[in-house]
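The values are calculated or read from the model by the stated rules, or taken from the named source; none is laboratory data. Predicted model, so just to flag it, every value in this text is computed and none were measured. When we count neighbours, we look across all protein chains shown, and the Cβ atoms used for this are built from the backbone with ideal geometry, even at glycine.
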């Protein structure tokens, strides 16, 4: 897949550009993990971040989208998202024994659901959370930032794990 061609058109409207850039970042998460050895899926490479593994990061990205779009924007119960649990801390990162392929499929399913939510609402619609009511536009731009930031972590992890590197 030529990811350069997956960028949104430079003249696309705001919605197509924001969703297009987010979709590209999401696709690159999967791309960065192609060919990763099974032994490295749950291997931490940052000494002070033992939960930041390729598998843990994919789980976190999935649950982070759920948090913003399902819980904060749609108003679904916080209990539906492990990121809100007090114990264990960082529950959305804890995926020991869960295959990376399963986590990627779950991320893809959340991606599809997030895009359905986005398509059904105006970018100006506000979240349902009682205290924090960002617009859908704000959430989507934050998702681009969050996904791209963690994609950079994956770049570094992959290089440290097996030497694979590259812009795409």
message: So in region 144-168, with the set limited to residues that are farther than 24 Å from residue 20 by Cα and in contact with a helix residue (DSSP H, G or I) (Cβ under 8 Å, 6 or more places away or on another chain), which one is surrounded by the most Cβ atoms within 10 Å (Cβ to Cβ)?
response: 157
task: Name the residue, out of 114, 135, that is in contact with a strand residue (DSSP E or B) (Cβ under 8 Å, 6 or more places away or on another chain), over 22 Å from residue 157 (Cβ atoms), crowded, with 16+ Cβ neighbours inside 10 Å and at pLDDT 95 or above.
output: 135
- request: Name, by its number, the condition in (1) at pLDDT below 95; (2) part of a loop (DSSP other than H, G, I, E, B); (3) in contact with a helix residue (DSSP H, G or I) (Cβ under 7 Å, 6 or more places away or on another chain) that does not hold for residue 121.
  value: (1)
- prompt: Which one of 92, 23, 96 is part of a loop (DSSP other than H, G, I, E, B) and either under 19 Å from the mean Cα position of the chain (by Cα) or in contact (Cβ under 8 Å) with a residue 60 or more places away in the chain (or both)?
  reply: 96
task: Only residues that are in contact with a helix residue (DSSP H, G or I) (Cβ under 6 Å, 6 or more places away or on another chain), more than 15 Å from residue 106 (Cβ to Cβ) and in a helix (DSSP H, G or I): list them for region 35-70, please.
output: 40, 68
